[in-house]
Protein chains: 2
Amino acid sequence: MSSAVTWIDIPANSPFGPDNLPLGVFRLDDEEPRVGAAIGDHIIDLAPVASAQMLNGSQLFARPSLNDFLALGRPAWRATRDWLFDLVRNPNDRDAVEPHLIPQSAVTMQLPFTVGDYVDFYASEHHATNLGRLFRPDSEPLLPNWKHLPVGYHGRAGTIVASGTDIVRPSGQRKAPDATAPTYGPSQRLDIEVELGYVVGTPSTLGTPIPVDAFEEHVYGVVLVNDWSARDLQAWEYVPLGPFLGKSFATSISPWVISLDALSASAVPLPPQDPPVLPYLAGQKLQNYDITFEVLLNGHRVSSPQYKETYWSPAQMLAHMTVNGASVRTGDLYASGTISGPGKDQRGSFIELTWGGREPLLVDGKEHTFLEDGDEITITAWATGSDGSRLGLGEVVGTIRPA
Amino acid sequence: MSSAVTWIDIPANSPFGPDNLPLGVFRLDDEEPRVGAAIGDHIIDLAPVASAQMLNGSQLFARPSLNDFLALGRPAWRATRDWLFDLVRNPNDRDAVEPHLIPQSAVTMQLPFTVGDYVDFYASEHHATNLGRLFRPDSEPLLPNWKHLPVGYHGRAGTIVASGTDIVRPSGQRKAPDATAPTYGPSQRLDIEVELGYVVGTPSTLGTPIPVDAFEEHVYGVVLVNDWSARDLQAWEYVPLGPFLGKSFATSISPWVISLDALSASAVPLPPQDPPVLPYLAGQKLQNYDITFEVLLNGHRVSSPQYKETYWSPAQMLAHMTVNGASVRTGDLYASGTISGPGKDQRGSFIELTWGGREPLLVDGKEHTFLEDGDEITITAWATGSDGSRLGLGEVVGTIRPA
């Protein structure tokens, strides 16, 4: 791809072309983890390159998380992107950069940032409708508040893990509908949730809401999220205070943070919102992103959710999350909730794909409902870059280990 | 109090006698915040005293949060308490300590630790029953799961604030039961929740539950918590994923962390649990603490909740929170949920004290339901020390500012 654009050799179909330039944190051998930018199959080791070029803030790339860079705010994010953009294009930079290109295969990717608060929304109408039908078959699938506000809740920040971390099957209480008392044991309905996560860079002040139009001042970019879910634990525990242990055992995120600037070419209008939203949720720049997800179970594609179908925009989620005066911090993560489209093959969880486990999927000749020990889940996604090429979001992977 | 025991002059009725020795973080003038121990009306500036006595880890007291000290674990917590215990008793230490006694009136107390994850439980049977009656008057007040597991959810860690921080009245969506659509505006049902918060010191490993008997290995001590709540926001938003903006605008905690060792003399058996709990929630050392709370509205006592009535023990809450393999980190905070006793004057929230706002309280000749702008709430609490004297938990204070 784009060998005419950049002096770096980038394989065809690489998610990380010269327009993408996502940031992450890598560990090479037993050196200290530090910040890199992905390009093709390589990582640019940013600290030495930025230091040699006397880039402002170059020391922040030597740190083991992106947080200090994220705290700099949008002007610095833009300047860094512009610098990187030129670096991979200008042949005169080749001698300075080439010694600091590291093969991605040589490193271990880390959690890219230290997570402050983690909020999970429920922004896909198709997902909320599917779950309403499954959990409350005798009533309206969408609850009365759903189209008035982006429903969300706080998840556990301390159990957000890097892609590749094994997921131990959680144990806990679950109760069959016809049982008189709960039992304890490993979850029998272990599931995934395919989500897009928004990473906050610029913090806000307690008591001051973030207007819906200030989204891009506060959010740096996105990661892929797999919000692992134990449906049996969740069903028994979740009234009246919401999901807790059914979710808190682990949430996996992808290693590369894709900037909003890289994503901007894939911006699309929101689906129509009816009834009209209250003024604090209405704005000039309400948009979604046109991102195609793929879910692989043991290497076989089982679903392809479309993000552009999502009902609530990320700017609305941020405005709602802070309308009560709650502040955000650098490193806060808020996720879309499960992304499901209208098609059966566009659903972002196995409880939807198998309709509560009653309609198994046939995958590689074998019937599948919920996750079995040893199952590997890969979520990947693609948008379109400014030059029309594919712009990848990388992947988030996890394998289920026995309880 | 105890002038025979300690060489420090401690006023009668001080919450901080020579058995208590709570730790907190203070700021004196424009010096860096650092760790101190409360005694009487004074603070022992621990860094210079510990350093002069070559105490192991003395440099941790020079830091602006307790986290690094909390991470040391129980043997170090005990050793530090023993050292402090002797320091305030031994007249030979007077010359070394006295220059580092600072009047509490001269400092500003800070948030004592950086909060990791914040979990709020719902552990008081009287509170859960009261809220069930108020919110679901036509059904059983306790939901089927309530006596099988300590119901809880994650709250917002980034908006936990130090005692004394003003609370701006939150705005958001609320819908009257007979209205067809929600409106936006300042909360009209702003409330408190009187809670006890448990502070995690020793972290655990992802995938490994904490047994119910390991509570004291992981938890350092307690703080007072006021979990401010906007009942109108909460009522409209909370299905199906639980409380979010109705709580996330602010949670206040007291400045002094009382160690479990100081509290140990006030340990009492749990109330009987029927039905019996599952084995992972059963243990040899299940206990509560006998702590009397007081709630003051603008200086007038309006309630006196008793902690010993709480149904679920803190060890059970910790075991449940981690039974799915979720890990805890140093600085995690989990709170009891609102503490209410059987008596009308033992309820820990105004929604209970005024029965949904329908039975106003008469306070200083004026009728009160929910909080008005300018209202000041003080929560204070007392246990009993090993010598039978009162052992105070200090106080958590907040004043409501207009939206």
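The values are calculated or read from the model by the stated rules, or taken from the named source; none is laboratory data. Computed from a predicted structure; not experimentally measured. Positions of Cβ are backbone-derived with ideal geometry, glycine not excepted, and every protein chain shown enters the neighbour counts.
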Evaluate the range A:45-52: report whether one residue or more is touching a strand residue (DSSP E or B) at 6+ places or on another chain (Cβ under 6 Å), modelled with pLDDT of 95 or more and not aliphatic (A, V, I, L, M).
-> yes
Any chance the range A:251-272 includes a residue that's crowded, with 20+ Cβ neighbours inside 10 Å, closer than 30 Å to B:TRP146 by Cβ and either among the β-branched types (Val, Ile, Thr) or assigned by TED's automatic domain parsing to the domain that holds A:ASP332 (or both)?
-> yes
Return yes or no: is A:LEU206 modelled with pLDDT of 95 or more, assigned to a loop (DSSP other than H, G, I, E, B) and facing chain B (nearest Cβ under 9 Å)?
-> yes
Could you run through the range A:209-219 and say how many residues are assigned to a helix (DSSP H, G or I) and more than 20 Å from the chain's Cα centre (by Cα)?
-> 3
Selected residue [without any contact (Cβ under 8 Å) to a residue 40 or more places away in the chain and surrounded by fewer than 17 Cβ atoms within 10 Å (Cβ to Cβ)] from A:PRO103, A:PRO141 | A:PRO141
Considering residues of the range A:162-174 that are of a type outside the set (Val, Ile, Thr) and facing chain B (nearest Cβ under 8 Å) only, the residue nearest to A:VAL119 (Cα to Cα) | A:PRO170
Among the charged types (D, E, K, R), over 30 Å from B:ASP332 (Cβ atoms) and buried (at least 16 other Cβ atoms within 10 Å of the Cβ): does that describe A:GLU125?
-> yes
The correct count of residues that are surrounded by fewer than 24 Cβ atoms within 10 Å (Cβ to Cβ) and either free of Cβ contacts under 8 Å to residues at least 24 places away in the same chain or under 23 Å from B:GLY398 (Cα atoms) (or both) in the range B:233-242 is 5
Which residue pairs have Cβ atoms closer than 6 Å, lie 6 or more positions apart in sequence or on different chains, and pair a first residue in the range A:321-333 that is within 13 Å of B:LEU245 (Cβ to Cβ) and at the interface with chain B (Cβ under 7 Å from one of its Cβ atoms) with a second residue that is aromatic (Phe, Trp, Tyr) and buried (at least 24 other Cβ atoms within 10 Å of the Cβ)?
-> A:ASN324/B:PHE249; A:GLY325/B:PHE249; A:ALA326/B:PHE249
Cβ pairs under 7 Å, 6+ apart, first in the range B:159-170 and under 16 Å from B:ALA403 (Cβ atoms), second of a type in the set (Lys, Arg) and part of a strand (DSSP E or B) | B:ASP166/B:ARG401; B:ILE167/B:ARG401; B:VAL168/B:ARG401; B:ARG169/B:ARG401
Name the single residue, out of those in the range B:104-150 being more than 24 Å from A:LEU245 (Cα to Cα) and of a type in the set (A, V, I, L, M), that is farthest from the other protein chains (Cβ to nearest Cβ).
-> B:ALA106
Quickly run through the range A:194-203 and pick out the residues that are within 13 Å of another protein chain (Cβ to nearest Cβ) and not in a strand (DSSP E or B).
-> A:PRO203
Of the conditions (1) within 30 Å of A:PRO150 (Cα to Cα); (2) buried (at least 16 other Cβ atoms within 10 Å of the Cβ), the single one that A:ALA50 does not satisfy is (1)
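Kindly provide the set of residues from the range B:194-226 that are of a type in the set (Asp, Glu) and crowded, with 24+ Cβ neighbours inside 10 Å, ordered by number.
The one that is of a type in the set (Asp, Glu) and crowded, with 24+ Cβ neighbours inside 10 Å: B:GLU195.
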Could you tell me whether the range B:38-55 includes any residue that is on the phi < 0 side of the Ramachandran plot and under 20 Å from the mean Cα position of the chain (by Cα)?
-> yes
Among A:SER303, A:SER336, which is the only one that is touching a residue at least 60 places away in the same chain (Cβ under 8 Å) and either more than 21 Å from A:SER254 (Cβ to Cβ) or within 14 Å of another protein chain (Cβ to nearest Cβ) (or both)?
-> A:SER336
State all residues of the range B:332-354 that are out of contact with any strand residue (DSSP E or B) (no Cβ under 7 Å at 6 or more places or on another chain) and in a loop (DSSP other than H, G, I, E, B); if no residue qualifies, say none.
-> B:SER340, B:PRO342, B:GLY343
Quick one: would you say B:ASP191 is farther than 30 Å from A:ALA176 by Cα, touching a residue at least 40 places away in the same chain (Cβ under 8 Å), buried (at least 17 other Cβ atoms within 10 Å of the Cβ) and among the acidic types (Asp, Glu)?
-> yes
If you check A:ASP332, A:ASP387, A:ASP373, which single one turns out to be surrounded by fewer than 24 Cβ atoms within 10 Å (Cβ to Cβ) and over 30 Å from A:GLY40 (Cβ atoms)?
-> A:ASP373
B:ALA128 is checked against (1) aliphatic (A, V, I, L, M); (2) under 26 Å from B:THR310 (Cα atoms); (3) at pLDDT below 95 and fails just one. What number does that condition carry?
-> (3)
Mind checking which residues of the range B:285-312 are farther than 19 Å from B:ILE377 by Cβ and in contact with a Leu (Cβ under 7 Å, 6 or more places away or on another chain)?
-> B:LEU286, B:GLN287, B:ASN288, B:TYR289
Do we find that A:ASN67 is surrounded by 15 or more Cβ atoms within 10 Å (Cβ to Cβ) and not assigned by TED's automatic domain parsing to the domain that holds A:LEU318 in this structure?
-> yes
Scanning the range A:170-183 residue by residue, those surrounded by 22 or more Cβ atoms within 10 Å (Cβ to Cβ) and not in a strand (DSSP E or B) turn out to be A:PRO170
Looking at the range B:141-167, which of its residues are part of a helix (DSSP H, G or I) and out of contact with any Gly (no Cβ under 7 Å at 6 or more places or on another chain)?
-> B:THR159
For residues that are touching a Pro at 6+ places or on another chain (Cβ under 8 Å) and at the interface with chain B (Cβ under 8 Å from one of its Cβ atoms), scanning just the range A:176-186, find the one that is farthest from B:THR251 (Cα to Cα).
-> A:ALA181
